[in-house]
Amino acid sequence: MTRIAIILGSTRPGRNGEAVANWVVDIAKQRTDAEYELVDIAEFKLPHLDEVAPPSLGQYAQPHTKAWAEKIASFDGYVFVTPEYNHSTSGALKNAIDFLYKEWNNKAAGFVSYGSVGGTRAVEHLRLVMGELQVADVRNQVALSLYTDFENFSEFHPAAHQEGAVIGVLDQVVAWSGALAQLRASA
């Protein structure tokens, strides 16, 4: 069965992303078209990139990199839950992505973002990164506003229409992950 990671891309204390990621997981777990798993980058305690060899060589020396690589390689697609910090994604998420290369290849990705303008600028940066990693990013996106989907900028109460947006992202990520299966098999 297709396996999709819902990657929580913030490590910040008091992060809004935890509630958002759990909400996405709750919606995903109602489906039967794939296996969904929450992957919290904070649990991997990745330092700033500390591998000597470039990730494209796959010569990982650090135990934390090997554990991260094993986890990411086990999935067929990803839904990134990202905040927007200073018109981009979190440094922690970018760092976690940068540790690996081939583990990301020929898979699909969707995005659930949040911020003052819905986190859309963070996703635009992530789309560029996904292209370099040979990840097919899907068109549908969830953009959660700190003004309308959160109370006091911290208590998550998504607008009703946002659930439909999550379903749209999941539909596309599962479909594209399946379509790319042949490429993964021949790589």
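Can you give me the number of residues within region 54-64 that are surrounded by fewer than 20 Cβ atoms within 10 Å (Cβ to Cβ) and under 19 Å from VAL129 (Cα atoms)?
Here the count works out to 4.
Against the definition (of a type in the set (Lys, Arg), assigned to a loop (DSSP other than H, G, I, E, B), in contact (Cβ under 8 Å) with a residue 12 or more places away in the chain and under 22 Å from VAL123 (Cβ atoms)), how does ARG31 come out, yes or no?
On the way: of a type in the set (Lys, Arg): yes; assigned to a loop (DSSP other than H, G, I, E, B): yes; in contact (Cβ under 8 Å) with a residue 12 or more places away in the chain: yes; under 22 Å from VAL123 (Cβ atoms): no.
When the stated conditions are applied, ARG31 does not pass them.
Does region 118-139 hold any residues that are in a strand (DSSP E or B) and within 14 Å of the chain's Cα centre (by Cα), and which are they?
VAL135, ALA136, ASP137, VAL138 - these are the residues of region 118-139 that are in a strand (DSSP E or B) and within 14 Å of the chain's Cα centre (by Cα).
For residues in region 41-56 being in a helix (DSSP H, G or I) and touching a residue at least 24 places away in the same chain (Cβ under 8 Å), which is nearest to the chain's Cα centre (by Cα)?
Checked region 41-56; the qualifying residue nearest to the chain's Cα centre (by Cα) is ILE41.
Could you tell me whether LEU180 is within 25 Å of GLU35 (Cα to Cα) and among the aliphatic types (A, V, I, L, M)?
Details: within 25 Å of GLU35 (Cα to Cα): yes; among the aliphatic types (A, V, I, L, M): yes.
Yes.
Hey, among ASP26, ASP40, which residue is exposed (fewer than 15 other Cβ atoms within 10 Å of the Cβ) and not aromatic (Phe, Trp, Tyr)?
Numbers: ASP40 fails: exposed (fewer than 15 other Cβ atoms within 10 Å of the Cβ).
Just one listed residue meets the conditions, ASP26.
I want to confirm something. Restricting to region 57-67 and keeping residues that are within 21 Å of ALA187 (Cα to Cα) and part of a helix (DSSP H, G or I), which single residue is farthest from the chain's Cα centre (by Cα)?
LEU57
Identify the residue in region 122-159 that is buried (at least 18 other Cβ atoms within 10 Å of the Cβ) and charged (D, E, K, R) and, among all such residues, is nearest to ALA179 (Cα to Cα).
Taking the candidates together, the pick is ASP137.
Assess whether TYR101 counts as being of a type in the set (Phe, Trp, Tyr), in a loop (DSSP other than H, G, I, E, B), at pLDDT 95 or above and under 17 Å from the mean Cα position of the chain (by Cα). Give the steps one after another, and end with the answer.
Details: of a type in the set (Phe, Trp, Tyr): yes; in a loop (DSSP other than H, G, I, E, B): yes; at pLDDT 95 or above: yes; under 17 Å from the mean Cα position of the chain (by Cα): yes.
Here the answer is yes, as TYR101 does meet what is asked.
Scan region 1-39 for residues that are among the charged types (D, E, K, R), over 24 Å from ASN152 (Cβ atoms) and in contact with a helix residue (DSSP H, G or I) (Cβ under 9 Å, 6 or more places away or on another chain) and jot them down.
ARG3, ARG31, ASP33, GLU37
Search region 166-182 for residues that are crowded, with 20+ Cβ neighbours inside 10 Å and pair each with any residue that is assigned to a helix (DSSP H, G or I) and of a type in the set (Val, Ile, Thr) when their beta-carbon atoms are under 9 Å apart and the residues are at least 6 apart or on different chains.
VAL166/VAL24; VAL166/ILE27; VAL169/VAL24; LEU170/VAL24; LEU170/ILE27
Is it the case that some residue within region 68-90 is in contact with a Pro (Cβ under 6 Å, 6 or more places away or on another chain), in a loop (DSSP other than H, G, I, E, B) and either at pLDDT 95 or above or closer than 22 Å to PHE153 by Cα (or both)? Write out each step before concluding.
So the first thing to find is which residues in region 68-90 are in contact with a Pro (Cβ under 6 Å, 6 or more places away or on another chain), and the list is 90.
Those left that are additionally in a loop (DSSP other than H, G, I, E, B): 90.
Going one step further and asking which of them are either at pLDDT 95 or above or closer than 22 Å to PHE153 by Cα (or both), we end up with 90.
Within region 68-90, one or more residues are in contact with a Pro (Cβ under 6 Å, 6 or more places away or on another chain), in a loop (DSSP other than H, G, I, E, B) and either at pLDDT 95 or above or closer than 22 Å to PHE153 by Cα (or both).
Given the conditions (1) farther than 21 Å from ASP26 by Cβ; (2) among the aliphatic types (A, V, I, L, M); (3) assigned to a strand (DSSP E or B), report the number of the one that ALA109 does not fulfil.
Condition not satisfied by ALA109: (1).
Listed residues PHE111, PHE75; which is among the aromatic types (Phe, Trp, Tyr), touching a residue at least 60 places away in the same chain (Cβ under 8 Å) and either surrounded by fewer than 22 Cβ atoms within 10 Å (Cβ to Cβ) or out of contact with any Gly (no Cβ under 7 Å at 6 or more places or on another chain) (or both)?
Values: PHE111 fails: touching a residue at least 60 places away in the same chain (Cβ under 8 Å).
That would be PHE75, the only listed residue that is among the aromatic types (Phe, Trp, Tyr), touching a residue at least 60 places away in the same chain (Cβ under 8 Å) and either surrounded by fewer than 22 Cβ atoms within 10 Å (Cβ to Cβ) or out of contact with any Gly (no Cβ under 7 Å at 6 or more places or on another chain) (or both).
The values are calculated or read from the model by the stated rules, or taken from the named source; none is laboratory data. All values derive from a computational prediction rather than experimental measurement. No Cβ is skipped: glycine too gets one built from the backbone with ideal geometry, and neighbour counts run over all protein chains shown.
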